[in-house]
Amino acid sequence: MGFPEQRFNVNLSILFTELPLLERPAAARAAGFTAVELWWPWLDSPTPQQSELDSLRAAIEDADVRLTGLNFYAGQLPGPDRGALSVPGEESERFRANIEVAAGLAESLGCGALNALYGNRIEGVDPAEQDALALENLVLAARAANRIGAILLVEALNKPESPRYPLVSAPAAVEVVDKVNAATGLDNARFLMDLYHLSMNGEDLPSVIDRFAAKTGHVQIADNPGRGAPGTGTLPLADHLDQLRKAGYGGWVGLEYKPGDRPSAEAFDWLPREARRTP
């Protein structure tokens with residue numbers, strides 16, 4: 001039941017952030033994990049210097065962990081932004097400039113999943129115009145992911161914390177996934193099922209799992225309320241993950257929660273050490 005049957009990775013953009021970026025992979029390894037994921041680490045630059053990319057790659061390889069998920073450029077995250085690909089003008093161009101850079105980094109590390117955050121609604125811009133731009137950019141991203149043998153992820157966020165983000169339900173995100181797959185014919189777009197965000201939206205998580213497990217390419221967890229570690233809130237996360245496994249989901253489960261007022265290394269006491277390592 002639950003946690004021992006899962007493959008977990010640690011999101012190094014929300015955990016171990018008390019450390020410099022290049023020290024986080026080794027810290028995750030010291031905590032017993034063998035896989036990590038990242039939001040795009042360079043908030044101001046979709047195209048960082050090659051030396052910066054090489055340094056991050058070396059830190060991951062030297063720590064003997066696997067990068068299993070990477071976000072495309074998404075603007076200031078954490079911060080006011082929720083993605084760039086549906087934002088006309090400079091932000092859309094920055095997203096496009098990032099596509100091959102992110103795909104190249106992912107390919108060099110054997111990373112098989114790239115997450116593309118949709119972006120906020122912009123005052124004065126027709127939502128239909130934003131959606132058309134989003135589809136264009138998601139198609140480009142899906143093709144780049146396909147070239148490296150990866151999937152493209154589309155994520156639903158939660159309305160209380162992201163009021164201008166349009167994908168604030170599982171059906172809304174899956175609808176975009178279906179549109180991208182129809183446009184590319186590649187069938188490599190998948191739903192990123194973040195159980196914390198969906199619970200914040202008041203969705204029926206067992207029903208979401210039943211409906212959309214087959215279209216899910218990645219799962220992320222945090223407890224609710226508080227976005228803390230499992231056991232700090234009221235979500236029956238072990239039951240949800242067990243349901244996902246029984247529904248056929250065998251992918252990664254990203255630990256995307258806040259450690260609270262303690263070092264990140266102490267925020268994994270809910271998970272036996274033997275369950276952290278993936279063969």
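By definition, a body whose alpha carbon gyration tensor gives a ≥ b ≥ c is prolate when a/c is 1.5 or more and a/b is larger than b/c, and the stretch 135-246 fits this prolate description. Projecting the Cα positions of 133, 58, 118 onto the charge dipole of the chain (unit charges on Cβ atoms of Lys, Arg, Asp and Glu, taken about the Cα centre) puts 58 furthest along the positive direction. Between residue 136 and residue 7, the simple spin-label model (points 7 angstrom out along Cα→Cβ) gives 3.6 nm.
In terms of the mean number of neighbouring beta-carbon atoms within 10 Å, the peptides 215-227, 259-271 order highest first as 215-227, 259-271.
Take the alpha-carbon centre of the stretch 44-75, take the same for the stretch 128-189, and report the distance between them in whole Å. If you average the Cα positions of each part, the centres end up 22 Å apart.
Computed extension gain for residue 64 through residue 93, at 0.36 nm per residue and net of the alpha carbon distance, reaches 7.0 nm. With R₀ fixed at 41 Å, the C-beta to C-beta distance from residue 246 to residue 183 puts the FRET efficiency at about 0.80. Under the shape rule built on the C-alpha gyration tensor, where the axes satisfy a ≥ b ≥ c, the stretch 165-224 is prolate, since a/c reaches at least 1.5 and a/b is greater than b/c.
Dividing the summed -39500 (n - 2.57) terms of all DSSP H runs of n ≥ 4 by the residue count of the chain sets its mean residue ellipticity at 222 nm at -11000 deg cm²/dmol.
The phi torsions of the stretch 130-135, fed into the Karplus equation with coefficients 6.51, -1.76 and 1.60 and a -60° offset, translate into couplings of 5, 5, 5, 5, 4, 5 Hz, rounded to whole numbers, with Gly and Pro shown as x.
Assuming 0.36 nm per residue, please report the length gained on full extension of the stretch residue 57 to residue 143 beyond their Cα-Cα distance. Can you show the working numbers first?
Details: separation 86, 0.36 × 86 = 30.96 nm, distance 2.29 nm.
Full extension from residue 57 to residue 143 adds 28.7 nm.
Annotation: amide H of residue 151 within the under-5 Å range of 113, 114, sequence separation 5 or more or interchain, hydrogens built in the peptide plane.
Over the stretch 1-159, what is the relative contact order in percent, taking alpha-carbon pairs closer than 8 angstrom and at least six residues apart?
Worked out over the stretch 1-159, it gives 20 percent.
Listed highest first by mean packing, meaning other Cβ atoms within 10 Å per residue, what order do 49-59, 66-76 come in? Present the calculation step by step, with values, prior to reporting the outcome.
Working: 49-59: 13.7, 66-76: 23.5.
The packing order, highest mean first, is 66-76, 49-59.
Under the simplified labelling scheme, the residue 172-residue 204 pair shows an inter-label distance of 2.0 nm, with each label point 7 Å from Cα along Cα→Cβ. In the chain, Cα pairs under 8 Å separated by at least six residues give a relative contact order of 22 percent. Mind running the shape call on the stretch 34-177? Use the C-alpha gyration tensor, a ≥ b ≥ c as the square roots of the eigenvalues: rounded below 1.5 for a/c, prolate if a/b tops b/c, oblate otherwise. Taking the square roots of the gyration eigenvalues as a ≥ b ≥ c, the stretch 34-177 is prolate.
With charges only on Cβ, +1 for K and R and -1 for D and E, what is the dipole size of the chain about its Cα centre, in debye, rounded to 20? Mind showing how you got there, number by number?
Numbers: 25 positive and 38 negative charges, 116 e Å.
The dipole magnitude comes to about 560 debye.
Here the chain carries DSSP beta bridges of which approximately 5% are antiparallel, counting only pairs with both residues inside. Taking the average, over residues, of other Cβ atoms within 10 Å as the packing measure, peptides 196-203, 115-122 rank 115-122, 196-203 from highest down. For the stretch 1-84, the relative contact order comes to 31 percent (Cα pairs under 8 Å, sequence separation of at least 6). Here the 3J(HN,Hα) profile of the stretch 182-195, calculated from phi with Karplus coefficients 6.51, -1.76 and 1.60 at θ = phi - 60°, is 5, 6, 8, x, 8, 6, 10, 8, 9, 7, 9, 8, 9, 5 Hz, Gly and Pro shown as x. Per atom type, the stretch 126-211 shows carbon and sulfur on 50% of its accessible surface, probed at 1.4 Å.
The values are calculated or read from the model by the stated rules, or taken from the named source; none is laboratory data. Because the structure is a prediction, the values reported are computed rather than measured. Heads up, the Cβs are rebuilt from the backbone with ideal geometry, glycines too, and the neighbour counts pull from every protein chain shown. With ligands, DNA and RNA removed, areas are computed over all heavy atoms of the protein, side chains included. Shrake-Rupley method; radii C 1.70, N 1.55, O 1.52, S 1.80 Å.
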